[in-house]
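As structure tokens, the structure follows; a few thoughts come after it.
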Amino acid sequence: MMKDFRKFKDIGINFSEPEVLPCLYKEDYWLEKIRTIREVFGFKSRVNIKAVDSVEELSDCLGVKAPSWVIGAYCGNYIFMLKYELWQSRNLGTFAQVMTHEFTHIAINSKLKQRCPVWLNEGLALYFAEQYKTIRLKRENISKEDIYEIDYLDNCLYDISAKAVEKLADTYGITAIVKSLGISTDFAEDKILGVENMKRILSEMKNSSTQ
């Protein structure tokens with residue numbers, strides 16, 4: 001047991017509820033992914049994980065009402081997640097995979113000089129958690145030319161964001177994207193992440209998407 005605890009501390013993660021550890025014992029792949037995220041983002045701060053029993057409790061932790069579908073969220077260097085047994089049957093990935101998604105959000109915030117666009121924030125989290133691999137984007141779902149107009153009210157936010165970042169990573173490399181994230185003072189004008197380049201990326205995605 002002590003050895004198992006040590007491997008989590010070695011990647012800078014603390015757990016307030018040791019009972020969630022059984023969800024992670026066989027998830028070494030995702031623990032190595034956390035190491036990769038730390039290296040790519042240059043992120044060294046420790047992160048705390050707290051498991052909760054309900055969305056209401058999660059809302060209390062965040063200090064804001066969370067939507068009923070939320071299973072995890074972050075605030076500062078804390079990640080709050082519903083206990084795995086409450087959403088295990090919803091095919092949303094493993095506990096460690098969703099933890100990796102939220103961990104990426106925290107790493108992103110550590111790099112920013114300005115507020116991160118919603119599509120980029122979610123797209124990078126979906127990319128590093130490898131949730132983009134199960135997404136099949138239909139052409140009809142890409143209804144806007146400007147990805148900066150997409151927000152959390154858009155049902156296709158996660159799908160479009162995930163595939164956009166995947167396309168950017170294939171084209172420029174994920175390291176270049178994270179570098180732009182850290183130095184950009186105006187995302188809309190950025191050479192890689194800016195409005196004009198992303199319109200081109202969306203157009204290519206639409207042309208290559210299924211009907």
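No lab work stands behind these numbers, since they all come straight from the coordinates. Being a predicted model, the structure only gives us computed values, none of them experimental. Reconstructed Cβ throughout: ideal geometry from the backbone, glycine too, with neighbour counts over all protein chains shown.
Give, in nm to one decimal, the length gained when the segment between Leu86 and Glu56 is fully stretched (0.36 nm per residue of separation minus the Cα-Cα distance). Let's see the in-between values first.
Working: separation 30, 0.36 × 30 = 10.80 nm, distance 1.32 nm.
Length difference between fully extended and current span is 9.5 nm.
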Item to complete: Sort the following peptides by mean Cβ neighbour count (other Cβ atoms within 10 Å, averaged over residues), highest first: 179-187, 151-159.
Response: 179-187, 151-159
Fill in: Beta bridges by DSSP in the chain, antiparallel share as percent, to the nearest 5
30 percent
Worksheet item: Which residue, Trp119, Trp30, Trp87, tops the fluctuation ranking in a GNM of the chain built on C-alpha contacts under 10 Å?
Response: Trp87
Discussion item. Expected output is a single nm value to one decimal: the length gained when fully extending between Ser208 and Thr185, i.e. 0.36 nm times separation in residues minus the C-alpha distance. What is it?
Written reply: 5.1 nm
Worksheet item: Using the Kirkwood radius built from alpha carbon pairs, what does the Stokes-Einstein equation give as D for the chain at 25 °C and 0.890 mPa s, in µm² per second?
Response: 137 µm²/s
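List the chymotrypsin sites (Phe, Trp or Tyr not before Pro) within the range 46-85 that DSSP assigns to loop and that have no more than 16 neighbouring Cβ atoms inside 10 Å.
Working: sites: Trp69, Tyr74, Tyr78, Phe80, Tyr84; in loops: Trp69.
Hits after loop and neighbour filter: Trp69.
May I ask you to compute the full-extension gain from Leu112 to Lys138, defined as 0.36 nm times their residue separation minus their alpha-carbon distance, rounded to one decimal in nm? Working shown, then result.
On the way: separation 26, 0.36 × 26 = 9.36 nm, distance 3.14 nm.
Gain on stretching Leu112 to Lys138: 6.2 nm.
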Worksheet, complete the sentence: Karplus-derived 3J(HN,Hα) from phi for the range 121-130 (6.51 cos²θ - 1.76 cosθ + 1.60, θ = phi - 60°), whole Hz, x at Gly and Pro, runs 4, 6, x, 5, 5, 5, 5, 5, 7, 6
Worksheet item: Quick one: Debye curve from the C-alpha atoms of the range 105-177, no solvent, what's log10 I(q)/I(0) at q = 0.27, 0.28 Å⁻¹?
Response: -1.42, -1.47
